[in-house]
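Written below as structure tokens is the structure these notes are about.
The values are calculated or read from the model by the stated rules, or taken from the named source; none is laboratory data. What you are looking at is a predicted structure, and each value in this text was computed from that prediction instead of being measured. A quick note on method: Cβ atoms are made from the backbone with ideal geometry, for glycine too, and the neighbour counts reach across all protein chains shown. Calculation scope for accessible area: heavy atoms of the full protein, side chains included, ligands and nucleic acids excluded. Shrake-Rupley method; radii C 1.70, N 1.55, O 1.52, S 1.80 Å.
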Amino acid sequence: MQVRDRTISVTNSTLRTLIDELGTECQNVITLIHQLQLPDLSDRQKAEILADFLSAAIHLNVHCGEDFQTLIAEEMTQLSDEDEED
């Protein structure tokens, strides 16, 4: 099931979009891992999969940078403390 099949419960629309995109890219990574597990891959197939994997890793690294982390922290500050134990 894709992330976008469900509503993401955050108030910031930019953060919601970034989380959705992150979920899509993570699913892509899982697909690439499964492809690498296939038997009898040719070197060309492995190279193509690894190139896609490298691209995904770079995208994830950039995507999860300081701006994304800041949006998450800001979202967290808006949460109530009612669930905290004494």
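Could you order Asp52, Asp20 by accessible surface area, starting with the largest, using a probe radius of 1.4 Å?
Details: Asp52 85, Asp20 35 Å².
Solvent-accessible surface, decreasing: Asp52, Asp20.
Looking only at Cα atoms, what is the convex hull volume of the chain per residue, in Å³?
On the way: hull volume 11.5 nm³, N = 86.
Hull volume normalised by residue count: 134 Å³.
Counting Lys +1, Arg +1, Asp -1, Glu -1, what net charge surrounds Ser13 among other residues with beta carbon under 13 Å of its beta carbon? Working shown, then result.
Numbers: positive: Arg16; negative: Asp20, Glu21, Glu74, Glu75.
Once all neighbours under 13 Å are counted, the net charge is -3.
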